Each structure stands twice: as structure tokens, then as C-alpha cells.
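Enquirer: Take a look at the following structure, please.
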Amino acid sequence: MTEPASTSPRAANGAGPTRLSTLSGETWFRTREGRRYGWELGLIIVVKLALLMLLWFVFIEPWPRPAVPPAAAVQQLYLPVLPAVSHD
């Protein structure tokens, strides 16, 4: 086979970037580097989820909440504001 006419001199001598051909059926994620990248990405996600769960159970969940009936909470939120007293 002959080389295509549009090939640059850099690509012809092998100095250009190398790429896997998509025609070969092998994607980047199926290469060694791609599998390593996938494992690292998965490990980062698992570690972040574990840290979020740890933060939840250590700092957020132990805070007690007062048992307030829903009507009291609504009344507390919607009480009219008292007018400000001016101290002239």
C-alpha cells in the first residue's frame, strides 16, 4: 500500500502523536492505561462517598432535634412580626 498524499513529513517519520485506530475495535478504556484510569476514578468516588458517610455519622446525625409538632413549626414561621419600637 502507498501512503496517502496528505500525510505530513512529521507523521511520515513517526514524530507525530500516536493514536489507536478506532477501526481496530480497541478503545482507549480497554488499554492498560485506560483500565488503570477507570480503577483510579472508581477508587476516588468510593473514598469520597466513604468520607461523606463518615462526616454524616460523626457531625450531622448525632445532633438532637427537638420533637415539635408540625402545627407549632408552622405557627412559629408565620407569626406576624411585631412592629419595631422607636426610642426617640
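The values are calculated or read from the model by the stated rules, or taken from the named source; none is laboratory data. As the structure is a prediction and not an experimental result, all values here were calculated from the model. Note: ideal-geometry Cβ built from the backbone for every residue, glycine included; neighbour counts use all protein chains shown.
Enquirer: Does E26 count as modelled with pLDDT of 75 or more and surrounded by fewer than 10 Cβ atoms within 10 Å (Cβ to Cβ)?
Expert: On the way: modelled with pLDDT of 75 or more: yes; surrounded by fewer than 10 Cβ atoms within 10 Å (Cβ to Cβ): no.
In short, no.
Enquirer: Out of all the residues in region 38-58, is one or more in contact with a helix residue (DSSP H, G or I) (Cβ under 9 Å, 6 or more places away or on another chain) and either modelled with pLDDT under 80 or surrounded by 10 or more Cβ atoms within 10 Å (Cβ to Cβ) (or both)? Walk me through it before giving the result.
Expert: Start the filter on region 38-58 by keeping residues that are in contact with a helix residue (DSSP H, G or I) (Cβ under 9 Å, 6 or more places away or on another chain), which leaves 38.
Retained after the next criterion (residues that are either modelled with pLDDT under 80 or surrounded by 10 or more Cβ atoms within 10 Å (Cβ to Cβ) (or both)): 38.
Within region 38-58, one or more residues are in contact with a helix residue (DSSP H, G or I) (Cβ under 9 Å, 6 or more places away or on another chain) and either modelled with pLDDT under 80 or surrounded by 10 or more Cβ atoms within 10 Å (Cβ to Cβ) (or both).
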